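Q: Pasting a structure here, questions to come.
The values are calculated or read from the model by the stated rules, or taken from the named source; none is laboratory data. Nothing here was measured: the structure is a model prediction, and the numbers come from that model. Positions of Cβ are generated from backbone atoms using ideal geometry, with glycine treated the same way; all protein chains shown enter the neighbour counts. Side chains included, ligands, DNA and RNA excluded: accessible areas come from the protein's heavy atoms. Shrake-Rupley method; radii C 1.70, N 1.55, O 1.52, S 1.80 Å.
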Amino acid sequence: MSIRITKIFLYTCFLGSILVSCKTKKPVTDEQPAKKMVKEEPVAANSGATPSEEYTQEIPETEISFGMVLLPEGTFTMGSPESQADRKLDEGPQKEVSVDAFYMGKYELTWDVFELFFKQNKEIFVKLDDDKVMKIDAITRPSPPYEDPSYGMGKDGFPAVSMSAYSALVFCKWLSTVTDKFYRLPTEAEWEYAAKAGTQTAYSFGDNVEDLDAYAVFYKNSNNAYQKVGTKEPNPWGLYDMHGNVAEWTLDEYKEDAYANTENENPWVTPTVIHPRVIRGGSWDDDADKLRSTARRASSLNQQKRDPQIPKSFWWFTDSNYVGFRLVSPKEQPTPEEQAKFWSTVLDE
């Protein structure tokens with residue numbers, strides 16, 4: 001896949017509108033009924049405000065669903081202070097960033113949802129409107145993986161892993177078509193805003209790494225495998241596994257100096273290459289420092305070392321059983337035209 005660099009300028013003007021305007025079995029715990037916020041106000045970085053509106057997205061013609069939590073628009077300090085232990089240079093300079101309101105997956109995306117996509121279960125959706133069926137059928141889906149992408153670590157209630165960023169994005173387009181609601185990956189700024197959840201500490205629960213065991217699946221407690229989603233305590237905004245379990249794809253191309261060069265409103269480093277892309281959150285196979293709210297990781301060809309296909313697969317990263325993703329849906333939904341431009345940009349259509 002080759003992303004056309006010339007598209008960046010053409011689509012910079014609609015990025016703001018995409019990010020602004022940008023029901024499968026419950027994974028672990030029962031979803032609570034949607035609760036409406038009495039009043040929506042911007043959230044400050046250290047306000048401690050807790051989002052309270054949720055919804056459950058049902059997948060048509062299935063019994064599968066997943067939960068989404070509303071994160072109100074707000075401003076926060078992106079990056080880490082120089083005084084933070086284990087800080088890396090690419091986590092700065094710190095800057096004040098504002099993001100528009102968006103819904104984010106309460107849990108990392110699970111296999112039951114993702115397998116509806118890559119197993120090409122078209123017969124499930126034949127009862128939908130003909131126009132929608134045609135659109136679904138027109139979306140290319142992955143060839144079968146070379147081996148079990150879960151590496152035997154589990155699928156029922158476990159996070160989906162081993163997909164490329166491209167595969168995750170095509171899944172988002174497929175899901176948007178099936179549900180009539182726009183879904184995508186989070187930008188790096190949105191992901192960090194959600195992970196920090198109004199805090200300025202290394203982790204959403206504070207700076208004491210001794211407390212990490214209660215909130216995260218990581219190398220010390222994972223027994224060399226990911227765990228079912230939602231087995232640990234959530235962050236202050238009700239999001240589970242933002243630290244650890246599986247690392248998560250974002251929309252951004254990785255650049256070490258990104259913070260010095262991006263906008264302060266809804267920043268997004270539009271990808272122009274397959275690698276490197278930004279991965280966040282740390283995983284079951286990582287030490288504690290990689291799970292900090294500000295820790296960044298760049299994808300690379302090393303994630304496809306054992307891929308027997310020449311050229312390497314667009315869909316599966318054979319050596320990425322520690323990477324999955326989490327869904328985002330903008331509170332203000334983009335128009336069909338804006339969505340089409342977005343998919344054209346991120347999927348080179």
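Q: So K232 clears everything in (1) open to solvent by less than 10 Å² (accessible area, probe 1.4 Å); (2) in a loop (DSSP other than H, G, I, E, B) except one condition, right? Which one?
A: (1)
Q: While we're on this one: Filter the stretch 267-283 down to the residues that are open to solvent by less than 20 Å² (accessible area, probe 1.4 Å) and part of a loop (DSSP other than H, G, I, E, B) and list them by number. Reasoning before the result, please.
A: Of the stretch 267-283, the ones open to solvent by less than 20 Å² (accessible area, probe 1.4 Å) are 267, 269, 271, 277-283.
Scanning the stretch 267-283 gives P267, V269, P271, G281, G282, S283.
Let's see how each residue does on (1) under 30 Å from E210 (Cβ atoms); (2) at pLDDT 95 or above:
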residue: S293; (1), (2): yes, yes
residue: A298; (1), (2): yes, yes
residue: Q309; (1), (2): no, no
residue: S313; (1), (2): no, no
residue: V323; (1), (2): yes, yes
residue: R326; (1), (2): yes, yes
residue: E332; (1), (2): no, yes
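Q: Would you be able to tell me the number of residues in the stretch 197-221 that are closer than 29 Å to S98 by Cβ, in contact with a strand residue (DSSP E or B) (Cβ under 6 Å, 6 or more places away or on another chain) and open to solvent by 10 Å² or more (accessible area, probe 1.4 Å)?
A: Here the count works out to 0.
Q: Kindly establish whether I124 is under 30 Å from Y322 (Cα atoms), in a helix (DSSP H, G or I) and open to solvent by 20 Å² or more (accessible area, probe 1.4 Å).
A: Details: under 30 Å from Y322 (Cα atoms): yes; in a helix (DSSP H, G or I): yes; open to solvent by 20 Å² or more (accessible area, probe 1.4 Å): yes.
Yes, satisfied.
Q: Test L89 against the criterion of being open to solvent by 30 Å² or more (accessible area, probe 1.4 Å), modelled with pLDDT of 95 or more and either under 17 Å from the mean Cα position of the chain (by Cα) or of a type outside the set (D, E, K, R) (or both), and give yes or no.
A: On the way: open to solvent by 30 Å² or more (accessible area, probe 1.4 Å): yes; modelled with pLDDT of 95 or more: yes; either under 17 Å from the mean Cα position of the chain (by Cα) or of a type outside the set (D, E, K, R) (or both): yes.
So L89 fits the description; yes.
Q: If you don't mind, another one. So if I check each of L291, L251, L301, which one is out of contact with any helix residue (DSSP H, G or I) (no Cβ under 6 Å at 6 or more places or on another chain), aliphatic (A, V, I, L, M) and open to solvent by 60 Å² or more (accessible area, probe 1.4 Å)?
A: Values: L291 fails: open to solvent by 60 Å² or more (accessible area, probe 1.4 Å); L251 fails: open to solvent by 60 Å² or more (accessible area, probe 1.4 Å).
Step by step, each of L291, L251, L301 is checked, and only L301 is out of contact with any helix residue (DSSP H, G or I) (no Cβ under 6 Å at 6 or more places or on another chain), aliphatic (A, V, I, L, M) and open to solvent by 60 Å² or more (accessible area, probe 1.4 Å).
Q: Let me ask something additional. Can you name the condition, by its number, that Y226 falls short on among (1) open to solvent by less than 30 Å² (accessible area, probe 1.4 Å); (2) assigned to a loop (DSSP other than H, G, I, E, B); (3) over 18 Å from V328 (Cβ atoms); (4) out of contact with any Pro (no Cβ under 9 Å at 6 or more places or on another chain)?
A: So Y226 meets the others, but not (4).
Q: Could we say that L70 is under 19 Å from the mean Cα position of the chain (by Cα) and at pLDDT 95 or above here? Before you say what the answer is, go through the steps one by one.
A: Numbers: under 19 Å from the mean Cα position of the chain (by Cα): yes; at pLDDT 95 or above: yes.
Here the answer is yes, as L70 does meet what is asked.
Q: In the stretch 148-191, which residues are in a helix (DSSP H, G or I) and over 23 Å from T56 (Cα atoms)?
A: Looking only at the stretch 148-191, we keep the residues that are in a helix (DSSP H, G or I), and these are 165-179, 188-191.
A165, Y166, S167, E188, A189, listed by residue number.
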